[in-house]
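Below is one structure; the comments refer to it alone.
Bear in mind that the values in this text are calculations on the coordinates, not laboratory data. Predicted model only: the values in this text are computed from it and were never measured. Don't worry about glycine lacking a Cβ; one is built from the backbone with ideal geometry, like all the others, and counts go over all protein chains shown.
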Amino acid sequence: MNKKPKTVYEEFQAKGHSRRDFLKFCTMTAAFLGLEYSAVGKVVKALENKPRPAVIWLHFQECTCCSESFIRSSHPLVADIVLDKISLDYTETLMAAAGHQAEKSLQDTMAKFKGEYILLVEGSIPTDANGAYCCIGGKSAMQIVEEVAEGAKAVIAWGNCASSGCVQAANPNPTGAKPVHKVISGKPVINVQGCPPIAEVMAAVVVHILVFDTIPQLDGLGRPKEFYSRRVHDTCYRRPNYDAGLFVNSFDDENARKGYCLYKMGCRGPVTYNACGVTKWNNGVSFPIQSGHPCIGCSEANFWDNGPFYQHLPSFPGFGIETTADEIGVGLGLVTVAGIAAHAITTNVRKRRALFGKRVDDSNVDISKE
C-alpha cells in the first residue's frame, strides 16, 4: 500500500525542525514572493496541508548552467527546496540512479502522480534530422518532452535555451532547436529567462507553485511578472550616470574606474527585463553591471542574434527622443533646461494673471457708493 506523501510541515518535523523554524520559513517565503505580512497565514496553511509536489527535471541541448545556478540559491537554500520542500524524482544531473533504474524512476513518477507533477525543462529541443541530435534511452528529445509533458500539471522552462532557444537556435540553427513552448501545447509553460536565470528567481517560482497551487502571473513572453516586470536599466545603480550623460568609452578608461554608465559599451539593460539589479547574484553580492560588464540581454528572446554585444544600441523604447548614446546627456540637459524655463514662464504667467485679475476686480467696484 502506497503511503500518503508528506506535507512540507511533516517533512519539517521529520527533519527535527521546530514549529518556530517552520513559521520562520513561511514568513521568509511570503517575503520572498513579495507578499504582505497578512499573507503569511495563507502560506502556513498551504504548507501544513499540501503534500510535497513531485518534480521531473529534463535536460536537453544546454550547458547545465541553469542547474549550476539553481544549486547556488541561498534564499531559500536550494537544499531545502530540492531535498525537503519538493520531491525531485527524476533529473539526469542530480539523481544517483542511472540506466534502467533512472528510466523506471521516470515512468513510476509519471504514472503515480499523473496530472500532479511539475515538469522542469532545461535546454532547447532539437527538431531536425528526426531528433537525432539529442537522444536519451533510444528516444528523441521531442518524444521525451511530449510524453512527459502530457501528464504534467505545469511546465517550467529553465533559462534562455528552454525559453527561447538561446545559442543553439541562433543562426544558422543547425539542429532546428526550439523552445519548449513551441514544441508542446495544452499545458501552461512558465519561461524563467536568463543565461542562466538568477538562482533565487528559480527557487521562488517553484515555491510559488508549491504555496498557491497555481502558476504566477506571466508577461507577454510567458515570464513571471514578479521578476520580469522592470528593466535592468530601471533598477541599475549606474542609472544616475546615464541620466547625467556620463558613459564608459572603453573598458580601461578613467570613466570605467569611476563606475559610469556602460551603455556605450553595448549594455542591453534598457531593453532587458530581469531582476538582476535588485536580486543580484552570489548571495545578493553583485551582478554583471556591478562587476564592470554590460548587460547582454540574456533574459530576452533571440539575444544571441541581437549582437554584436559590445556595440551600443542606436535607440531604445521608452526614450524615443534619443538616437545615440552621445546625444543622451545633451538631450536630457536640454529637456531639463526647457522644463525649468517652462516652469518659470508658467509661474510668471500665473502671477500676471493673478495681478491682472485683481486689477479687473478693482475696476468693477461701484465707486458711486463711495
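Data overview
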{"read-out": "Low-density loop positions, trypsin sites (Lys or Arg not before Pro), segment 193-258 - DSSP coil, at most 15 other Cβ in 10 Å", "value": "Arg230"}
{"read-out": "Added length on full extension, which subtracts the Cα-Cα distance from 0.36 nm per residue, Lys24 to Ser229", "value": "71.0 nm"}
{"read-out": "Ranked Leu58, Leu221, criterion: other C-beta atoms within 10 Å, fewest first", "value": "Leu221, Leu58"}
{"read-out": "For Trp57, Trp281, Trp158, order by how many other beta-carbon atoms lie within 10 Å, fewest first", "value": "Trp281, Trp57, Trp158"}
{"read-out": "Potential extension, Ile71-Glu36 segment - 0.36 nm per residue separation minus Cα distance", "value": "9.8 nm"}
{"read-out": "5 angstrom amide H check on Arg223, placed H, neighbours 5+ away", "value": "Asn191"}
{"read-out": "Gain in span if fully extended, Asn302 to Thr7, counting 0.36 nm per residue against the direct Cα distance", "value": "102.2 nm"}
